[in-house]
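Notes follow once the structure below has been shown.
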Amino acid sequence: MIDRIQWLGHGSFRIQGPPLIYINPWRVARSAFHADVILVTNDQYDHCSPADIQKLRGPDTIIVGNPAASMCLDGDVTLLRAWQSINAGPARITAVPAYTFTDHHPVSKGGVGYVISIDYFDIYYAGSTDVVPDLGHVQADIAILPVAAGQGTMSVDRTVDLVHQMKPHWVIPSHWGTIGGTKLDVHALARALDGQTTFIVPEKN
């Protein structure tokens, strides 16, 4: 499964299916293949980009987002609030709370992350969040975690705490390379995890 998760830059990812899933597409190339599912975590411009979604959207694409993101998007959007789930082919997608203790992403905005359960793997995409109490209920084999702590998201130390709690087999950093975190932040997290998990530094696709 790990080789089917592709980093597209910053917080954008593609999971090769079926179903073909995009998460927070931003500054992505138009694809010859329409997405089966597009997941949007919040209404921030680098997560909710109508132009990028339009590049990938086909007549049968399922767009999933929180209520704030849905207001920015044209067409049908499947609304998910925290702990709600949908099935998309063989995948089950569950929204989980994503917020910070600063004004960057307050709980009132209703941001979400996602747990994508597919082919006997649970993939957790954190989105823009700190390590909040709700995450004590999340278990995952693969965790995609932000490194841009300057936006109020989890610091290196807090990320280490979350990995210790969640015990994923693999961790992939997100929110870096374009805006937000840098490769130095990625290496700092790798050093701090110190063998707790297999840390994957992705190449941009």
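Summary table below
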item	result
Filter pass, Ala140 being over 21 Å from Gln6 (Cα atoms), among the small types (Gly, Ala, Ser) and crowded, with 20+ Cβ neighbours inside 10 Å	no
Test result for Thr159, assigned to a loop (DSSP other than H, G, I, E, B), polar (S, T, N, Q), modelled with pLDDT of 90 or more and buried (at least 24 other Cβ atoms within 10 Å of the Cβ)	no
Pair list, Cβ < 9 Å and 6+ apart or interchain, from the stretch 65-78 residues that are within 14 Å of Ala51 (Cα to Cα) to residues that are part of a loop (DSSP other than H, G, I, E, B) and of a type in the set (Lys, Arg)	Gly75/Arg57
The lone exception for Gly111 - which of (1) modelled with pLDDT of 95 or more; (2) crowded, with 17+ Cβ neighbours inside 10 Å; (3) small (Gly, Ala, Ser) it fails	(1)
Residue match in the stretch 49-63 (condition: touching a residue at least 40 places away in the same chain (Cβ under 8 Å) and under 15 Å from the mean Cα position of the chain (by Cα))	no
The stretch 177-187, residues that are out of contact with any strand residue (DSSP E or B) (no Cβ under 8 Å at 6 or more places or on another chain) and in contact (Cβ under 8 Å) with a residue 40 or more places away in the chain	Ile179
Residue that is nearest to Thr94 (Cα to Cα), among those in the stretch 13-48 that are touching a residue at least 60 places away in the same chain (Cβ under 8 Å) and among the basic types (Lys, Arg)	Arg14
Output for the stretch 54-75, where each listed residue is of a type in the set (D, E, K, R) and either farther than 20 Å from Asn87 by Cα or surrounded by 13 or more Cβ atoms within 10 Å (Cβ to Cβ) (or both)	Lys55, Arg57, Asp74
Enumeration of residues in the stretch 98-150 that are part of a loop (DSSP other than H, G, I, E, B) and free of Cβ contacts under 8 Å to residues at least 24 places away in the same chain	Pro106, Tyr120
Hey, Ala82 among the small types (Gly, Ala, Ser), modelled with pLDDT of 95 or more and in a loop (DSSP other than H, G, I, E, B) or not	no
Boolean, Asn42 is among the polar types (S, T, N, Q) and crowded, with 20+ Cβ neighbours inside 10 Å	yes
Every residue from the stretch 161-176 that is without any contact (Cβ under 8 Å) to a residue 60 or more places away in the chain and either within 26 Å of Tyr22 (Cα to Cα) or of a type in the set (Gly, Ala, Ser) (or both)	Leu162, Val163, Met166, Lys167, Pro168, His169, Val171, Pro173
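The values are calculated or read from the model by the stated rules, or taken from the named source; none is laboratory data. The model shown is predicted, which means the values in this text are computed figures rather than measured ones. Because the Cβ atoms are built from the backbone with ideal geometry, glycine has one as well, and the counts that use them run over all protein chains shown.
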